[in-house]
Ligand code: NAP
C-alpha cells in the first residue's frame, strides 16, 4: 500500500493492538479481552502458533518436556489437553495452541495473513497509528509486539538463491505440503538445533545427503517416549508440583542446578552425576547439572570433555568424528540441542559431511552449492537451516517510530537496549514481549517467561487505566541501569565469550550483546515485581 493510499484509508480504533499470534500473543490477547479491552491482533501467518505455525520442516519437535512447555494459566486447559509424547512434534504443539485459541474464542479477534508494517507514535494524541500490508490503519493507545525471538529468518546467507533449479527452502518457511525426498540428492546448510533435526530425520529418506557444517555442535540424546491415557492421568496429578517447581527454578523448568557446588564433589562423583543426567535425555544435563558450567572454565572444560567423549563413541569414522566434535567453545555456551540419532546419521553410506569452516560457501548455483575453493556440490533440494536474526529482527522489521520520529531499528542498530525487555526508552506505550534483555529461549522456558512478561505489561496497563494516565515509558537512567545490570550478569558468564545467535554474532554488523537475560527467572521476576510495587519507579507517565 502506498503512503498516499494509507492516508485515505479509514482509521479503526482499538483499545490495544497485539502483533503476533504465537504463544505470547495468544496469551496477551486473551488476558486483554478478560480485562474488557477491545483488541485487534495481527498475525503474518495463516494460523495461530508463531514458531509452531512456521517451522514445519521434517523432524521439527520441541526440546522441552511437554509438561514444562505449556501454559500454566488455565486449569481447564491443563485438565483437558493430553500430550502424546514427552517431547511433542511440531503438529502437536501447533494443535495445542489452536486448542487454546479455540477454547478462548481468540481467532475472531485475529487478522491472519496480515503483516504489521509500521507503527507511528503520535505525541500529541498519545496514540500509536499502526499500518498493515493489507491496508489496515488502526489507532490504539497500546501497541504490544509479541513478534517472536526466532521468527525473522536468515533466508539468503549467500547469493544465488534465485538461480537454483530445484527446491530451496529455509526451514521456517517450509511448504505446507509434504516434500518427497525419495531418490533425491539433498543439501542441508546449518547444524544448529534445526539442522540437526532435519538431518537425523531425512537421512534415511534421501538418496544422498550432504551436510554443510560451519560450527560443530554439542547435543544431548533426547529420550522421548509415548504418553498414553494413564501416563497423562499420572502427569496431571504432578502438575501442581511441576508448576511450583518451575516458577522457583533458574530457567523456568521443573529442574534446577540441584547437585550442589561443582567443587564439593570428587571427579568420580561428578562423573556419576553426568551419567545420571545424560540418561534423562533432556535439558537437565545442561540446565540442571552445575551452574559452574556457565561461569567456570575448568568446570566447563570437564563437562565439555564428557560430552565430546559421548559424541565420539557414536561416530564410526574417526575423520568424520573429528569434524563433528566441537572444540572451539564450551558446552552450554550456545543453545544445546537434543538429538535423536543425529551423529549416527553420519555412519550411513548416503550421508556426507562437508566442513565449510575454512572453505566457506560462496554461492548457490543452478545445480547446487559452490564453495570458495571452487568445489561444487550438486543437489535437487537445498535446505537452509541457517537460523534467525534473533531477538531484535522481527521487531526491527516493523518500521516503528517513537518520540521525535526515532525508529526502533535505528536505536538497536546502534546498541541493543531495552528496559527489562519490556519497554524501550523513547517509545511510550510500546510494549515488547520476548524482546532483548529479558529471559528467553532455553535460558528460560518460553511459556513461563513469555506469560510472565505479558502479565507485567497487562498490570502496567491496568495501572495506567486506573490512574487516568495515558502513557508510560522508561527513563534513560532506568534503561541505562537495566542494560548495565544485564551486561554485568552476562559478562560474568562464558556465554558472552562464545560467538552465537545468543550474542547476535550470526548477523553481520549486529551490536554484540547477550540477547537473553541470564540472571535467572526468579531474580528477574523479583526485579519486575519490585518496580511495580514501587509505583513504577524509573518510568515516566503522562
Ligand atoms: P542456528 O542455531 O542459528 O543455526 C544456524 C546454522 O546455520 C548454524 O550451524 C550456522 O553456522 C549455520 N550457518 C548460517 N549461515 C551460514 C553460512 N553462511 N554458511 C554455513 N553455515 C551457516 O539456527 P537454528 O538451528 O534454526 O536454531 C535457532 C534456535 O531455534 C535454536 O537455538 C533454538 O533456540 C530454536 N530451535 C528450537 C528447537 C527445539 O526446541 N527443538 C528446534 C529448532 C530450533 P554457525 O554456527 O557457524 O553460525
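Derivation of every value follows stated rules applied to the coordinates shown; laboratory data play no part. As the structure is a computational prediction, the values presented were derived from the model and not from experiment. Glycine gets a Cβ as well: all are built from the backbone with ideal geometry, and neighbour counts include every protein chain shown.
Just to confirm my filter: which strands (runs of 3 or more DSSP E) fall fully inside region 377-452 and include at least 3 residues that are within 22 Å of residue 127 (Cβ to Cβ) and either in contact (Cβ under 8 Å) with a residue 12 or more places away in the chain or more than 15 Å from the ligand (Cβ to nearest atom) (or both)?
Because the criterion is at least 3 residues that are within 22 Å of residue 127 (Cβ to Cβ) and either in contact (Cβ under 8 Å) with a residue 12 or more places away in the chain or more than 15 Å from the ligand (Cβ to nearest atom) (or both), the strands (runs of 3 or more DSSP E) in region 377-452 that meet it are 399-401, 430-432.
Criterion first (under 24 Å from the mean Cα position of the chain (by Cα) and under 30 Å from residue 67 (Cβ atoms)) does residue 258 satisfy it?
So residue 258 does not fit the description; no.
Can you name the helices (runs of 4 or more DSSP H) wholly within region 285-375 that have at least 2 residues being buried (at least 18 other Cβ atoms within 10 Å of the Cβ) and in contact (Cβ under 8 Å) with a residue 12 or more places away in the chain?
292-295, 297-312, 342-345
Before we move on, is residue 252 part of a loop (DSSP other than H, G, I, E, B), in contact with a helix residue (DSSP H, G or I) (Cβ under 7 Å, 6 or more places away or on another chain), on the phi > 0 side of the Ramachandran plot and more than 11 Å from the ligand (Cβ to nearest atom)?
yes
Given the conditions (1) under 21 Å from the mean Cα position of the chain (by Cα); (2) farther than 23 Å from residue 46 by Cβ, which single one is not true for residue 201?
Among (1) under 21 Å from the mean Cα position of the chain (by Cα); (2) farther than 23 Å from residue 46 by Cβ, residue 201 violates only (1).
Six or more apart or on different chains, Cβ under 7 Å: which pairs go from a residue in region 490-509 that's without any contact (Cβ under 8 Å) to a residue 24 or more places away in the chain and farther than 16 Å from residue 300 by Cβ to one that's assigned to a helix (DSSP H, G or I) and away from the ligand (no atom under 11 Å from the Cβ)? Could you list them?
The qualifying pairs are 503/496.
Give me the pairs: first residue in region 81-93 and more than 15 Å from residue 337 (Cα to Cα), second residue more than 14 Å from the ligand (Cβ to nearest atom) and part of a strand (DSSP E or B), beta-carbon distance under 7 Å, and six or more apart or on different chains, which are they?
84/226; 85/226
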